[in-house]
Amino acid sequence: MSVAEGLKWCPDCEQIKPVENFPSTTTKAGGRHSYCKPCHNARGKETRQRLHGGSREYHLRRRYGIGEKEFQELLAEQGGVCAICGGADPQHLDHDHRTGWVRGILCFNCNGGLGQFRDSPTRLARAITYLRGTTWQRALIHPGVYQMCSPTRGRPPSPRS
């Protein structure tokens, strides 16, 4: 079959499409996969379903080395709640980014929080110290005049206020 330049034939859907509709790859001489993007994605989805029972199972096994069964067992060990805040229905598998070891299952916010602190116990300890030491309160400095101040941090109220 002869196909004009800039076009490519997909053997799955048997259509001729622009080359841009085929995923790029470095493993093929032409730099494009054999199947168009929709067919390529459908084939990948079918393979994940056939070999792993679904995308979630594939994702858990590829990224963390455990499957949905182990995920559910760990969640049951945690009492079905987030390992940090105790919130219901956590869905995020937390792992140590250095070792790859699974630590527990967290809710979206707790998982994101650890990520924002880059899994650093030092950063988290500093955040705890900060939270405990910055209780801003209103201080009466003149009748009817208040200033916000902290008993342990920040500047004391200005004498000229």
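Quick look at the numbers
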| quantity | calculated |
| --- | --- |
| Principal axes of the range 55-119: Cα extent on each, largest first, Å | 27, 27, 18 |
| Neighbour-count ranking [beta-carbon atoms within 10 angstrom, fewest first] of His97, His33 | His97, His33 |
| FRET efficiency, Ala76 to Leu131 (Cβ-Cβ, R0 35 Å, nearest 0.05) | 0.65 |
| Relative contact order computed over the chain (Cα-Cα under 8 Å; 6+ residues apart), in percent | 9 percent |
| Order of Phe22, Phe71, Phe108, Phe117 - criterion: other Cβ atoms within 10 Å of each residue's Cβ, fewest first | Phe108, Phe117, Phe71, Phe22 |
| Nonlocal amide H pairs with Gly87, under 5 Å, H built at 1.01 Å | Cys82 |
| MRE, 222 nm, helices only [DSSP H, n ≥ 4, -39500 (n - 2.57), over the chain, to nearest 500] | -11000 deg cm²/dmol |
| Net charge dipole size for the chain [Lys, Arg +1 and Asp, Glu -1 on Cβ; Debye, nearest 20] | 760 debye |
| Lys/Arg +1, Asp/Glu -1 at C-beta; the range 7-52 dipole; positive extreme among Gly30, Gln15, His52 | His52 |
| Inter-label distance, nm, simple model (7 Å from Cα along the C-beta direction), Trp101/Phe117 | 1.9 nm |
| Separation in nanometres of the label points that stand 7 Å from Cα toward Cβ, at Glu5 and Ile141 | 7.7 nm |
| Cβ-based exposure ranking for Tyr130, Tyr64, in which fewest neighbours within 10 Å come first | Tyr130, Tyr64 |
| Long-range tail of P(r) for the range 7-52 (Cα pairs > 17 Å, %) | 34 percent |
| Convex hull per residue volume in Å³, alpha carbons only, for the chain | 258 Å³ |
| Taking all pairs of distinct alpha-carbon atoms in the range 39-90, Kirkwood radius in angstrom | 12.3 Å |
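We did not get these values from a lab; they are worked out from the coordinates using the rules stated. Everything numeric here is computed off the predicted structure, so don't read it as measured data. Ideal geometry is used to build each Cβ from the backbone, glycine not excepted, and the neighbour counts take in all protein chains shown.
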